[in-house]
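First up is the structure itself, then whatever we jot down about it.
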Amino acid sequence: MGKLFITIVITILVISNSVLFSQTEKLTSNNKLIEADGSILLPAQKSVNMNLTTQPIKSEQNWFDFQAKNPSWKVFFNGITGMPHRAFGKPIQVNGFSSVNENNIEEVALAFIEQNRKLFNISPDELKLRKKLQINNLWTLSYSQIYQGIEVLLTEVELRIRPDAKVMAFGINFYKDINLEIVPAISQSKAKEIAYEGLTFDNKKDQVLSDEGKLFILPVKTNNSVSFGLVREMIVDMPSSNQKFASYVDMHNGEILWRRNLIANVETSINVKGGVKLVSRLSEQTDENFGNLNLLVNGQSYYTDENGNVTVDISSASPITSSLNGKYAKVVYDGQTNASFTGTVSPGEPFNLLWSNNNSHRFERTLYYHANHAHSFYKMMDPVSKAMDFQLSVTIYNYGQPNAGSDLEQGNISFFGANGTSLYVVETPSVLYHEYGHSINTRLYKEMGISQGMVNLACHEALADLNAGLMTDQPKVGYLAFPDTNETIRNLVNTRKYPANINGESHNDGQILGGAFWDLRKVTNLDYARWLVHYTKKMGTPDDENTGIAFFEWFIETLITDDSHGDGDNDMSNGTPYSKEIIESFNKHDIGTKLAMQLSFEHTPYGDTQDTENPYKIQFVVRNPITFLNYEPKNVKLHYSNDGLKTKTELAATYLGNDTYEAYIPAMPKGTIMKYYMSALDEGSNQNVYFSKDNLNFKPYEFLIGYKVGFTDDFENSTGWIFGDPSDAATGGRWELGVPQLVAMQASTGYVVIQPGTDHSENGTKCLVTGASNGGGTQQGIIANMPNGKTTVISPPFDISGTEKPIFSYYRFFSNVPYIGGNPGSFRTLVSSNNGDNWVQVELTNNPTDDWEKTYFPIESFVQKSNRFRVKFEFTGYRYSGIPMYFAEGLVDDIEILTANDGANITDVQNYTLRQAQDDIKTSSISVSPNPFVDFVTISLNEAESSSFDKLRMTSFKIREILIFDIYGKIIKTLKPNNSKNLIWDATDDNGNTVSKGIYFVRTQIEGKYISEKIILE
Ligand SMILES: [Zn+2]
């Protein structure tokens, strides 16, 4: 099941999908816009410019005069009329009055206007009282303006007068410069038709009530001017569509200047539901509320609340449209007709919008519903966090194997193979909840200021599984996703341990941490487990590229978070409320106290030494870092071996204080490879903890005693290495001596280097590499440049016969990243003591290195010392239909041959380079004996040792065949070489017939050079 829920890293181009509802514009005959509800607005109703100013404009001198007398007064002017729109200040006594009552109040008001005549500039016959009331001892009087006996709409002169006849505020909205003919120019019947222009007017049922239609003067204000129309008010009564308007038609030019909707908007409730499966694909479909969904009513945008409800204000039957596009989720079904709804809402009538098979696919509905549900759950956990308050894009694809993935940059989610039946991904909510968990990890860490998000993919998967598990309180992630209902994708109920069950596949590895939290959930309670997991994530943001360290951080941060909850006192020295349960749960998966002790270990590895006299002091630090658990490491020991761990000796370490221990390995003779590691008992888990160089793949510390470098090659000027072998299958990515080029990629396991950009040598650029090229940086080029079969490189022969306990050492880089999966790349090392006639395997490995890593082996563990010692590296990459199963490359640099003796012998090793090997070839020659001959002749190379070098080439490349030519240059016999250095020709041709007496030539080719000898058959 390892390949399920592969976290793919996809870059989704987010195209803004905001829906611009293009409403059909309706205009009157003189180009006035008719609003969606049928009304026609005055310019000022649509203007954002308020045209109020504190600066006096036209009547400034009048205002200054007024203010000189009443310095505390403040004013806001109407920027168009120049009149004080509202003014107030210290109350002003109206002269001649000391109090007001019902009978004198109008007199008082007009007296005030008269006493400030210059400011008001209004005569009483231009005013018509419309309001007079007393509330809490304050009188309010309000007048409309009258022009030649006709009321001017939207005007007002207002005064606020106290019982002591003092004015405390006033406002003037009055037009002094109206200049208008007051006799209508068009007929009333004409005006009636204009009144309903642009409305769906039913002549039989609807009518215009104009008989009492009054004349008014209507000021039409634009941004900086005002014009006036002589208008007739007509009531357009339209029972056919439940609409009613007041129209104001200009009686001079027939323009409709204003039309008011007389039916106030009606609050109309809409509920949205959709048919979804709540628990699994086997659930009966039920209609559930669709929250946070976008609706367009009359072109206006609304969102449903969490319960799928929304109230819209409409005055008439209005179009409603929607798609599965909401505040927190948007569902797109690739290549299919997407969910779409259109309908009509009537004012005051509850409207139910149902998503069903008629307007959507059940996959779209299910994902929309569950994505919202996941969002609501998150907000319930953490109402303050805004991390998930974004429009999550959920895309459904039918192509591919059933799977799902989260984009670890944005948090968007994709489903593949949606209509497959081998695994029901879309209708298994826990699959979406798992992916939503990834989105939370990504976005919450970013919200917490960690720009790269959560890095460790094992933790990413653990927390994604926990999101699914804790949302549903169901440990089976992918519950009922399979046709076989007993099968599940993953199970949080497990006994997986660190590092025993680590295999580098993040879903697998994540189950260790997921399992620990689930065990904790079982011994505590659901609400607490939900709280603890979320707030440990949020407060601690535990993470590390190294999975062991990341798990350790989760352990410690969980304890810290726990101490801030319930009875916690935020003091870790005295334990935490649930520390017992947390430690037990994590220890069940070996990521509790044992891992903590392992990670607390400190040691500087003992270096290679020439000292063969004194014991070797090994010092190290080990402690129990969980301070409130009052125990020290027990049975602290050092283990060592001088025979490659065949036999081991253990020593009790001595405690020196400060968590420091030491033990002494006795002195050893030259040529010892010392391996050692430490151990201690952790009382928290009651387990022994081992401390080595690599805790994941137990690798002991090592040091060499009494070794010296006998030969070294940094591959900068190296010659003599043989590239290729007849059994090689690779046609691309073969070993070569070159400058490596950086090849790196974002893989499912993170950012990985396939080929490093530099060699290992401190001063140099070159090394042995399988395809020293980045393939042009394209994926195709990278693939073409990786070994697609076996490729071999063979060292020149080394004379190590004079060495003691020789060691072959080299630096290795080995990448091995799963691509389509299958066989990983393999790196094989072999040695020969007889120049390549026979090979012995030293190592065959699939374990990639993190970086350049030193590797060495004692030669005599595999072959005898000789003067023709060779090393061979075989690298194999596997493909399926030409596609790499793994992205794998191998590199070798800085080889050394170490010896445990001094002096001349070492020099021999150093001097035997390829040049000498090539010299061997040059001096090679063929000898024949006897010559002349009668029955047969023995053909041999005259230098046995050097010829054996050729033999390697011979067997490797079949370069050399020994050919017998006649004097006319015709090949009469081809002698196939065997591994013997001598060949015999029995004077027959290739057909087996004895050739005639005479002169013949024996010829062969070594390194492109022909060597020949004349023979005489008698
Ligand atoms: Zn995942």
Query raised in the report: For the chain, what does -39500 (n - 2.57) per DSSP helix run (n ≥ 4), summed and divided by total residues, give at 222 nm, in deg cm²/dmol to the nearest 500?
Result: -5500 deg cm²/dmol
Report summary line: Sorted on mean Cβ neighbours within 10 Å (highest first), peptides 98-104, 551-557 come out as 551-557, 98-104
Query raised in the report: Taking only C-alpha pairs under 8 Å that are 6+ residues apart, what is the relative contact order of the range 740-809 in percent?
Result: 22 percent
Query raised in the report: Can you list the HN-Hα couplings for the range 887-892, worked out from phi with the Karplus curve (6.51, -1.76, 1.60; θ = phi - 60°), rounded to whole Hz and with x for Gly and Pro?
Result: 7, 9, 9, x, 9, 9
Query raised in the report: In debye to the nearest 20, how big a dipole does the range 600-697 give about its Cα centre with +1 on each Lys and Arg Cβ and -1 on each Asp and Glu Cβ?
Result: 220 debye
Query raised in the report: Along the range 866-881, what does the Karplus equation 6.51 cos²θ - 1.76 cosθ + 1.60 (θ = phi - 60°) give for ³J(HN,Hα), rounded to whole Hz, x for Gly and Pro?
Result: 7, 9, 9, 8, 10, 10, 10, 10, 10, 10, 10, x, 10, 10, 10, 6
Report task. Using Cα pairs closer than 8 Å and at least 6 residues apart in sequence, work out the relative contact order for the chain, in percent. Result -> 6 percent
Query raised in the report: Within the accessible area of the range 180-261, what % is carbon and sulfur when the probe is 1.4 Å and the other protein chains stay in place?
Result: 46 percent
Requested in this report: Return one number: the angle in degrees, 0 to 90 and rounded to the nearest 10, between the long axis of the Cα atoms of helix 60-69 and the longest principal axis of the Cα atoms of the chain.
Outcome: 80 degrees
Requested in this report: Provide the packing ranking of 422-435, 889-902, 646-659, i.e. peptides ordered by the mean count of other C-beta atoms within 10 Å per residue, highest first.
Outcome: 422-435, 889-902, 646-659
Report task. Express the carbon and sulfur contribution to the solvent-accessible surface of the range 52-173 as a percent, rounded to the nearest whole number, probe 1.4 angstrom. Result -> 50 percent
Report summary line: Which of Lys192/Lys214; Lys973/Lys1014; Lys128/Lys192; Lys708/Lys865; Lys675/Lys699; Lys648/Lys670 exceed 21 Å between C-alpha atoms? The answer is Lys128/Lys192
Report summary line: Given unit charges at Cβ for Lys, Arg (+) and Asp, Glu (-), the dipole magnitude of the range 52-173 about its Cα centre in debye, nearest 20, is 380 debye
Requested in this report: Give Lys693/Lys854; Lys46/Lys176; Lys386/Lys538 a once-over and call out the pairs whose C-alpha atoms are over 20 Å from each other.
Outcome: Lys46/Lys176
Report summary line: Result for the range 52-173: accessible area per residue, probe 1.4 angstrom, in square angstrom, of 50 Å²
Report summary line: Sorted by chain and then number, the residues having a modelled amide H within less than 5 Å of the amide H of Gly890, at least 5 places away or on another chain, are Thr770
**Report entry** Note, ³J(HN,Hα) from phi for the range 182-193, Karplus 6.51, -1.76, 1.60, rounded to Hz, x at Gly and Pro
**Finding:** 9, 9, x, 9, 10, 6, 5, 5, 5, 4, 4, 5
Requested in this report: Please label the shape of the range 52-173 as rounded, prolate or oblate, based on the square roots a ≥ b ≥ c of the eigenvalues of the alpha-carbon gyration tensor (a/c under 1.5 means rounded; beyond that, a/b larger than b/c means prolate, else oblate).
Outcome: oblate
Requested in this report: Can you work out the accessible area per residue across the range 419-561, with the rest of the protein chains kept in place, probe 1.4 Å, in square angstrom?
Outcome: 31 Å²
Query raised in the report: Using modelled backbone amide H atoms (1.01 Å from N, in-plane), which distant-in-sequence or interchain residues come within less than 5 Å of Leu392's amide H?
Result: Ala329, Lys330
Report summary line: For Leu127, the residues 5 or more places away or on another chain with a placed amide H closer than 5 Å to its own amide H are Ile146
Requested in this report: Take every DSSP beta bridge with both residues inside the chain and express the antiparallel ones as a percent of the total, to the nearest 5.
Outcome: 90 percent
Query raised in the report: Taking +1 at the Cβ of each Lys and Arg and -1 at the Cβ of each Asp and Glu, which of Ala195, Val157, Asn503 sits farthest along the dipole of the chain towards its positive end, judged by Cα position relative to the Cα centre?
Result: Ala195
Report task. Express the accessible area of the range 600-697 per residue in Å², computed with a 1.4 Å probe while the remaining protein chains stay in the model. Result -> 51 Å²
Query raised in the report: Just going by the charge dipole of the range 600-697, with Lys and Arg at +1 and Asp and Glu at -1 on Cβ, which of Tyr640, Ala680, Ala663 is farthest out on the positive end?
Result: Tyr640
Query raised in the report: All other residues with a Cβ under 13 Å from the Cβ of Gly275 taken together, and with Lys, Arg as +1 and Asp, Glu as -1, what is their net charge?
Result: -1
Report task. Please list 576-584, 457-465, 788-796 highest first by mean number of surrounding beta-carbon atoms within 10 Å per residue. Result -> 457-465, 788-796, 576-584
Query raised in the report: When only Cα pairs under 8 Å and 6 or more residues apart are kept, what is the percent relative contact order across the range 444-507?
Result: 26 percent
Query raised in the report: Roughly how tilted is helix 526-535, in degrees to the nearest 10 and between 0 and 90, from the longest Cα axis of the chain?
Result: 80 degrees
Query raised in the report: Angle, helix 429-447 long axis vs. longest principal axis of the chain, Cα atoms, 0 to 90°, nearest 10?
Result: 80 degrees
Query - Cα gyration tensor shape for the chain, rounded if a/c is under 1.5, else prolate or oblate - result: prolate
Query - Entries in Lys273/Lys476; Lys69/Lys221; Lys476/Lys537 that, when Cα-Cα distance is taken, lie over 24 Å - result: Lys273/Lys476; Lys69/Lys221
Query raised in the report: Ignoring ligands, DNA and RNA, what percent of the accessible area of the range 600-697 is carbon or sulfur (1.4 Å)?
Result: 45 percent
Query raised in the report: Of Thr899, Leu27, Leu737, whose Cα points farthest to the positive end of the dipole of the chain (charges on the beta-carbon: +1 Lys, Arg; -1 Asp, Glu; origin at the Cα centre)?
Result: Leu27
Report summary line: Simple SL model, points at 7 angstrom along Cα→Cβ for Asn931 and Thr778; separation in nm is 5.7 nm
Report task. Could you tell me the distance between the Cα centroids of the range 76-97 and the range 673-704, to the nearest Å? Result -> 92 Å
Query raised in the report: Placing +1 at every Lys and Arg Cβ and -1 at every Asp and Glu Cβ, with all other atoms neutral, what dipole size does the chain have around its Cα centre, in debye to the nearest 20?
Result: 1960 debye
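The values are calculated or read from the model by the stated rules, or taken from the named source; none is laboratory data. The model shown is predicted, which means the values in this text are computed figures rather than measured ones. Note that we place each Cβ from the backbone using ideal geometry, even for glycine, and neighbour counts take in every protein chain shown. Note: accessible area is taken over every heavy atom of the protein model, side chains too, but ligands, DNA and RNA are not part of it. Shrake-Rupley method; radii C 1.70, N 1.55, O 1.52, S 1.80 Å.
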